[in-house]
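The values are calculated or read from the model by the stated rules, or taken from the named source; none is laboratory data. This structure is a prediction, so every number in the text was calculated from the model and none was measured. For neighbour counting, all protein chains shown are included, and Cβ atoms are generated from backbone atoms with ideal geometry for every residue, glycine included. Protein only, heavy atoms only, side chains kept; ligands, DNA and RNA dropped before computing areas. Shrake-Rupley method; radii C 1.70, N 1.55, O 1.52, S 1.80 Å.
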Amino acid sequence: MNTLTETVSETKHHIPFETIASEKLTPVRKSAIDTFNNIGFPTSKDEDWKYLDLSPIKNTPFNHRAAACTNLTASEIEKYKIAGTDAVTLVFVNGVYCAELSTPHKADTFSIEFIETDNALQWFGKLAATEHQPFIALNTAFHHEGLFIHIKKGMEVKQTIHLLHLNDARQEAVAAHPRNLVVAENNSKVQIIATYHSLNHFPSLTNSVIEFFVGENAFVEYDVKQDENEKALQINQVYAQQKRNSVFDISTVTIGGKLVRNNLHIELAEPGCTAHLNGLTVAGENQTVDNHTLVDHASPNCESFQLYKNILDDDAHGVFNGKIFVRQDAQKTNAFQSSKNVLLSDNAVMNAKPQLEIYADDVKCSHGATTGQLDEEALFYFRSRGIGKKDALALLNYAFAGDVIEKINNDAMKADLLKQLAQKLRTDIEFEV
Amino acid sequence: MLSIKNLKANIEDKEILKGLNLEINPGEVHAIMGPNGSGKSTLASVLAGRDEYDVTGGEVVFKGEDILELSPEDRARKGIFLAFQYPIEIPGVSNANFMKTAVNEVRKSKGLAPLDSKEFLKLMREKMQLVQVDKTMTQRSVNEGFSGGEKKRNEIFQMAMLEPELGILDETDSGLDIDALRIVSDGVNALRDGKRSFIVITHYQRLLDYIVPDFVHVLYKGRIVKSGTKELALELEEKGYDWIKEEVEI
């Protein structure tokens, strides 16, 4: 077998492919590499990627097989945990599951095993197809020791499951390909959170893929915090397929990272499903955060609600591209989408683009996008009460952004995000009042 | 306490205040009445420091200092409070958080230690009674979904919390029914302590039955054209503004 430097001709990446052990997935990995070599990295001519400059990803000589777990200790991981939960914390360093840093997990309500098992492989890749998706192809080729989380039928998982992703790029430029899979059987309930962090002396790339299969009447909440630092690049792909009367709620909060691209693809496959998609980006300096969503109403009587907000300062660049697809059979669809953005500097840029494709005739769909400066009237109101301009701005931004975080059901995650938001916006809010 | 001399102000190059003079001593209540477009709300906005207005002449001296160059927050910290005609809704910020931030900012400017949560709650409970503000109102987002009456009560509640030396009420009576008007007026009257002064801007004499002014001024075309005592308000109520306009035009 060739090394990746030979097979993936377009990249300067180095990965000795033969070190990836799984035999079961070898054909899948090889096929993914072929796919990648056929399509290559997206270019600015590609409509779905036109706002992103991917050259930092293309040109950095990443090591895709950096040491997992490195020499990190449990105490170094501690600060990334969410206070106030007895969460099952599953730690991934450079994309690879580290048992020694993770919470031991034995439960009647769910099971966790590696993704390269027969149980997992009947689901693996069924939603996140590699065709036309170079980053999914790369992830499919190079993921290593991701997890399959299986929520059992009729069970409610009381503990939060926390997927804690840390890229350790202190020694070299590292690319991680976390790959996880969640199957929530019929009538089950689970709250999962994912947080992304990085340690950088060198650049890092997180190329994450997760697939959710949400069974009938199941409830799955997935809350994501992207908090990597200024040398970190991230492509984050979330796929979900919902069965009858299920609920899938996802919130994506992006506060860190030089370049972040989120692709959300939700298929409302059977009648009676509900999906909530919430997104918040607070970015400054030269950060770029691009949220692409696709909600596929494939069945009647489903509802989807999208609320995406950006607060952009300095030279930050935000993108929201929200596509709602209502198929011919999907009568009685309710689909709503709202993108609200605040620019705090003259150099910040927001591109918001709603896309509705509706083939059914009995539907309620709406979309709206607003981008503006901060509300001067509100600012004056605060100042007329003795609150200085800077504090007034911070409080107003906090309120604007907090609106998204308030939609999160997981109380510990909500509190964590509000606290971090307050720090980021430099407000001194007393939470207990 | 407040001395306004020959004040001139524009909005978008249109002159609204055309040389306004007004002297207010501690403890006095001055009502300012006048027909629509005479400049009443402009005066309130200019005193509070709203950006959109350009002051083109004159001076406003408050407690011995010309305040026209001060930011809105510095004026508030010095003791000027504007009760808005149209209070702004601020989703996501609770009334209590808003007031705690404001009260502590004002205290900080006076070199006082910030109130802790317990002290703040005590102060808030005390002031809430003044204008019949209940606990749910303090926990709700600032003015969000408040009725017209609730918004105006909230303005007076904020004034009570911040204890200014000069309160400016910009058409606080507009949109109030008689019960709400009484509550709001009682709140204002409770804050009259012989030292605190008020400018009460209104269209209608009705409010002045409740908040009885020491002086009544008629503002017309950007100037105060007539001043008197509370009886002037009754005369205006009875005769309208035409006779004043005629007096001025002559």
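When A:Asn409, A:Asn321 are screened for being over 22 Å from B:Asn143 (Cβ atoms), touching a His at 6+ places or on another chain (Cβ under 6 Å) and not hydroxyl-bearing (Ser, Thr, Tyr), only A:Asn321 passes. Per the listing A:Thr130, A:Thr109, A:Thr70, the residue uniquely open to solvent by less than 40 Å² (accessible area, probe 1.4 Å) and more than 26 Å from A:Asp296 (Cβ to Cβ) is A:Thr109.
Pick out the one residue from A:Asn341, A:Asn351, A:Asn334, A:Asn321 that is open to solvent by less than 10 Å² (accessible area, probe 1.4 Å) and either of a type in the set (A, V, I, L, M, F, W, C) or at negative phi (or both). If you could, list the steps in order and put the result at the bottom.
Working: A:Asn351 fails: open to solvent by less than 10 Å² (accessible area, probe 1.4 Å); A:Asn334 fails: open to solvent by less than 10 Å² (accessible area, probe 1.4 Å); A:Asn321 fails: open to solvent by less than 10 Å² (accessible area, probe 1.4 Å).
Sole residue among the options that is open to solvent by less than 10 Å² (accessible area, probe 1.4 Å) and either of a type in the set (A, V, I, L, M, F, W, C) or at negative phi (or both): A:Asn341.
Can you tell me how many residues in the range A:370-419 are more than 7 Å from chain B (Cβ to nearest Cβ), surrounded by fewer than 21 Cβ atoms within 10 Å (Cβ to Cβ), in a helix (DSSP H, G or I) and touching a residue at least 60 places away in the same chain (Cβ under 8 Å)? Residues meeting the conditions: 3.
Are any of the residues in the range B:153-175 surrounded by fewer than 17 Cβ atoms within 10 Å (Cβ to Cβ) and small (Gly, Ala, Ser)? Checked the range B:153-175: at least one residue is surrounded by fewer than 17 Cβ atoms within 10 Å (Cβ to Cβ) and small (Gly, Ala, Ser).
Out of (1) within 25 Å of B:Ala44 (Cβ to Cβ); (2) aliphatic (A, V, I, L, M); (3) touching a helix residue (DSSP H, G or I) at 6+ places or on another chain (Cβ under 7 Å), what's the single condition that is false for B:Met124? Failing condition for B:Met124: (1).
Considering only helices (runs of 4 or more DSSP H) fully contained in the range A:1-95, which possess at least 2 residues that are at pLDDT 90 or above?
Working: elements: A:4-7, A:26-39, A:55-59, A:74-78.
Ranges flagged: A:26-39, A:55-59, A:74-78.
Each residue in the range A:174-191 was checked for being open to solvent by 10 Å² or more (accessible area, probe 1.4 Å) and touching a residue at least 40 places away in the same chain (Cβ under 8 Å), and 2 of them qualify.
For the range B:179-188, the count of residues that are within 24 Å of B:Leu17 (Cβ to Cβ), touching a residue at least 24 places away in the same chain (Cβ under 8 Å) and buried (at least 21 other Cβ atoms within 10 Å of the Cβ) is zero.
Does the range A:355-369 include one or more residues that are facing another protein chain (nearest Cβ under 10 Å) and surrounded by fewer than 18 Cβ atoms within 10 Å (Cβ to Cβ)? Checked against the condition, which is being facing another protein chain (nearest Cβ under 10 Å) and surrounded by fewer than 18 Cβ atoms within 10 Å (Cβ to Cβ), the range A:355-369 yields no hits at all.
Scan the range B:179-234 for residues that are part of a strand (DSSP E or B) and small (Gly, Ala, Ser) and jot them down.
B:Ser197, B:Ser227, B:Gly228
Hey, does the range A:229-251 have a residue that's among the acidic types (Asp, Glu), more than 22 Å from A:Thr140 (Cβ to Cβ), touching a helix residue (DSSP H, G or I) at 6+ places or on another chain (Cβ under 9 Å) and not in a loop (DSSP other than H, G, I, E, B)? No - not one qualifying residue is present in the range A:229-251.
Count, please, the residues in the range A:39-83 that happen to be of a type outside the set (S, T, N, Q) and closer than 19 Å to A:Tyr97 by Cα. Steps first, answer last, please.
Going residue by residue through the range A:39-83, those that are of a type outside the set (S, T, N, Q) are A:39-42, A:45-54, A:56-58, A:61-62, A:64-69, A:72, A:74, A:76-83.
Applying the additional criterion that residues be closer than 19 Å to A:Tyr97 by Cα yields A:64-69, A:72, A:74, A:76-82.
Summing the residues that are of a type outside the set (S, T, N, Q) and closer than 19 Å to A:Tyr97 by Cα in the range A:39-83 gives 15.
All told, B:Arg153 meets the bar of being more than 8 Å from every other protein chain (Cβ to nearest Cβ) and under 17 Å from the mean Cα position of the chain (by Cα). Among the residues making up the range B:144-162, a single one is part of a loop (DSSP other than H, G, I, E, B) and either touching a strand residue (DSSP E or B) at 6+ places or on another chain (Cβ under 6 Å) or at pLDDT 95 or above (or both): B:Glu144.
Is the range A:337-346 home to any residue that is within 14 Å of chain B (Cβ to nearest Cβ) and closer than 30 Å to A:Ala128 by Cα?
First, the residues of the range A:337-346 that are within 14 Å of chain B (Cβ to nearest Cβ): A:338, A:340, A:342.
Next, from what is left, pick out any that are closer than 30 Å to A:Ala128 by Cα: A:338, A:340.
Looking for residues that are within 14 Å of chain B (Cβ to nearest Cβ) and closer than 30 Å to A:Ala128 by Cα, one finds at least one in the range A:337-346, hence yes.
Among the residues of the range A:133-163, the ones that are buried (at least 24 other Cβ atoms within 10 Å of the Cβ), part of a strand (DSSP E or B) and either on the phi > 0 side of the Ramachandran plot or under 20 Å from the mean Cα position of the chain (by Cα) (or both) come to 4 in all.
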